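So the structure is just underneath, and the comments pick up after that.
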Amino acid sequence: MMQHPSPETALGATLLSGLDLLEQGVTVFDAGLRLVACNQRFLTLLDFPPELAALGTPFEAFIRYNACRGEYGPGDAELQVAERVVRAQRFERHELERRRPDGSLLHVRGAPLPQGGFITLYSALSAEQAAARQAPPPSDPAGRELERARQQLCAAQLANEQLAAALQRSEQRLRLITDTIPALIAYFDHGQIYRYANKGYADWFGRDSAQMSGRHISQALGSKFYAAVQRYVEAALTGQQVSYEYSMEKDDGSTIFARSTLVPEIAADGEVLGCFVLSFDITEQKQTQAALVQAQKMEAIGQLSGGMAHDFNNMLTVVLGNLGELRRRLSPQPALLDYLDPALHAAGRGVELVRRLLGFARQQPLMAQPVQIGELIGGMMQLLQRSLPENIVLDCHLAAEHDYVMADANQLESAILNLVLNARDAMPDGGRLQIAANVETLDARAAAEWQLAAGDYIRIDVTDNGCGMTPEVQLRVFEPFFTTKRFGSGSGLGLAMVYGFARQSGGQVSVSSQPGGGSVFSLRLPRTTPTAQPHGLLDFSGRAGGRERPLVLLVEDDPEVRRVVQRQLSALGYPVVEAENGDEAATLLASIADIGLLLSDIVMPGRLGGRQLAALARQQRPEIRILLMSGYAAPAEGADDQTRDIPLLAKPFTEAQLGRMLDEVMLCPRTN
């Protein structure tokens, strides 16, 4: 079935057919300088090819065609095109004669259209009309002067058009440059009205530069932002150059920072015309500074925690030692045990609390070895499920299931459990909790951001959709004893322990959270291979049983601790000689030949610490057996090759722990 054209199509075809009957050439261009209509007479008069007559052809295409064939005479073709496009953009009514290169003369008349765009009529002049146009100027002086003025006016008009085109190109180049450089640039006048904003400046505020121009600062950027910078703007408009920093919250909840300088534009008479704005995004710099401050604060807290833990361990050694001895002596009296056992249990909890403090302070000895992620987390799933209420769904996605990390397996389990329990507490009404493990490669820049060495890491993410945290809470979440839970609901050491474990293991832990948007805790640990050799202390086990006990030189600066350990040694059958510092112990070593075992604290006042004393003892008596004890020092801290293999007994300890360690020291062959 034949389809009939629409009424609009039929009308358009009729209109074009009608235009072709005119003796004049006709063109109509819209506001965007695109061809709306033209007739065949126009194409013939100006010798244009038919393909240019397609609807929508840009005005520039006609001008470029003419310029390339020399229609406008010698000169830069691009300049000729630019000049005429500029004139067309601000089209004005005109009427003129135009001589073409072939000598023909055209009468051209153009007029703007009410809805935008313009219409132009082209008429060919006869030979007689052309000859009249070429007649010499009037012979009378007034006529000649009028003709000269007309020519000067035409020349001035052409010069102005060329200047306008050049200025437009210059402005376009300048805008391209300012939009490309990594800076935020703007200008506002003395009335605080924006007159210019480059793309970077507009993008920073989530605006369009065209929309900002002509609007007051408060209208363009909002009253909240204006209130923050108003005093700087007003100071700059008095002629003072002002620099300041500000922060702004984006739609996604993140905070960005910028540093701005306002440079007044001052006229020759001293009047302030406006201000140039030069700003730089310093968000990354601020984040780095905040991370550095946080790291320094955490390091200081860690040192304080380590020192406190040392003192607590000495006190707990005294408490546990005396309570243990009292319990042994009062075992036939069950009524008294009701008082002793809770005290011993509380002291044991104190020991665990101190160990968690030491974990945060990175001074708790770790048994680091290759740990397979899938095997460790898979083995924890039953425990984790039991730790969660029924209204929390636990998911596990281990892309790095078969990969290994270098870490203490027990401490890693404890860290993951702490993160899971923290996520559980953030979802009192239930939710979804996910554990994920992925391989993450950090280049030098990314590693520096996390204060790590570049390389491969396993990132373990514990994600919840709970209540989330404010930025202020996120800054403090890893501090010891900091907690948002109600009093008595937690010690505030769980996440601090995770932080200490991560840093001591050569990794890092971080948090990303938004109020009401849940939290993601990311634990990064160094990736390793299963062939790596385990590190850490020797695994002492077993007892000597019935062997002769050597004379023990006990070195401890705390008299209460020394008395407790002396009683434990005596109960184990070891004869003891005591010294309160390293210098006194060195004298006893030189004068008492029967000393066969040295038991010394590591940190003591005076010239000789525990490790220096141990090195001296080995030099003087290669056969002597040595055991060091400490309330916080890592096994090899401050050790040289002579003392690195010496075992360490962590305070506080019980008589049984001391006995097992001493027996193993006596059984282990001496290694030089």
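The values are calculated or read from the model by the stated rules, or taken from the named source; none is laboratory data. Bear in mind the structure is a predicted one, so any value in this text is a computation, not a measurement. Heads up, the Cβs are rebuilt from the backbone with ideal geometry, glycines too, and the neighbour counts pull from every protein chain shown.
Would you point out the residue of segment 482-524, among those that are over 22 Å from the mean Cα position of the chain (by Cα) and among the β-branched types (Val, Ile, Thr), that is modelled with the lowest pLDDT? In this case the residue turns out to be THR484. Restricting attention to segment 239-283, the residues that are out of contact with any strand residue (DSSP E or B) (no Cβ under 9 Å at 6 or more places or on another chain) and at negative phi add up to 6.
Contact map, segment 86-107: residues that are farther than 18 Å from ASN66 by Cα paired with residues that are surrounded by 13 or more Cβ atoms within 10 Å (Cβ to Cβ) and at pLDDT below 85, Cβ distance under 6 Å, separation 6+ or inter-chain. No pairs are found. Across segment 624-654, the number of residues qualifying as at pLDDT 90 or above and more than 45 Å from the chain's Cα centre (by Cα) comes to 4. Taken over segment 494-521, the residue count meeting the criterion of being over 11 Å from VAL477 (Cβ atoms) and part of a strand (DSSP E or B) is 3.
Look at segment 23-40: where a residue is on the phi > 0 side of the Ramachandran plot and surrounded by 16 or more Cβ atoms within 10 Å (Cβ to Cβ) and a partner is at pLDDT 90 or above and assigned to a strand (DSSP E or B), sitting 6+ places away or on another chain with Cβ atoms under 9 Å, you get LEU33/PRO58. Based on this model, can you work out whether VAL393 counts as touching a residue at least 24 places away in the same chain (Cβ under 8 Å) and surrounded by 14 or more Cβ atoms within 10 Å (Cβ to Cβ)? So VAL393 fails the test.
Let's see how each residue does on (1) under 28 Å from the mean Cα position of the chain (by Cα); (2) assigned by TED's automatic domain parsing to the domain that holds SER513; (3) among the basic types (Lys, Arg); (4) within 19 Å of LEU525 (Cβ to Cβ):
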position: LEU384; (1), (2), (3), (4): no, yes, no, yes
position: LEU388; (1), (2), (3), (4): no, yes, no, no
position: ILE392; (1), (2), (3), (4): no, yes, no, no
position: ALA400; (1), (2), (3), (4): yes, yes, no, yes
position: TYR404; (1), (2), (3), (4): yes, yes, no, yes
position: ASN410; (1), (2), (3), (4): no, yes, no, yes
position: LEU417; (1), (2), (3), (4): yes, yes, no, yes
position: ALA426; (1), (2), (3), (4): yes, yes, no, no
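Can you confirm whether segment 334-341 contains a residue that is at pLDDT 75 or above and under 53 Å from the mean Cα position of the chain (by Cα)? Within segment 334-341 (the criterion being at pLDDT 75 or above and under 53 Å from the mean Cα position of the chain (by Cα)), the answer is yes, since at least one residue qualifies.
Only residues that are touching a helix residue (DSSP H, G or I) at 6+ places or on another chain (Cβ under 8 Å) and not in a helix (DSSP H, G or I) were counted in segment 442-477, giving 11.
Just one of the listed residues (GLU8, GLU51) is modelled with pLDDT of 90 or more and loosely packed, with under 15 Cβ neighbours inside 10 Å, and it is GLU51.
Output the residue which, of all residues in segment 352-395 that are among the β-branched types (Val, Ile, Thr) and modelled with pLDDT of 70 or more, is nearest to ASP425 (Cα to Cα). Quick ask: steps written out before the conclusion?
First, pick out the residues of segment 352-395 that are among the β-branched types (Val, Ile, Thr): 354, 371, 373, 377, 392-393.
Adding the requirement that they be modelled with pLDDT of 70 or more leaves 371, 373, 377, 392-393.
On the way: VAL371: 28, ILE373: 25, ILE377: 20, ILE392: 11, VAL393: 14 Å.
Among residues in segment 352-395 that are among the β-branched types (Val, Ile, Thr) and modelled with pLDDT of 70 or more, the one nearest to ASP425 (Cα to Cα) is ILE392.
Summed over segment 100-109, the residues that are of a type in the set (Gly, Ala, Ser) and within 17 Å of PHE48 (Cβ to Cβ) give a count of 1. If we scan segment 411-434, do we find a residue that is small (Gly, Ala, Ser) and more than 21 Å from VAL511 (Cα to Cα)? The answer is no; no qualifying residue exists.
Among the residues of segment 16-43, write down those that are among the β-branched types (Val, Ile, Thr) and at pLDDT below 90. Quick ask: steps written out before the conclusion?
Residues of segment 16-43 that are among the β-branched types (Val, Ile, Thr), as a first pass: 26-28, 36.
Listed by number, the list holds a single entry, VAL36.
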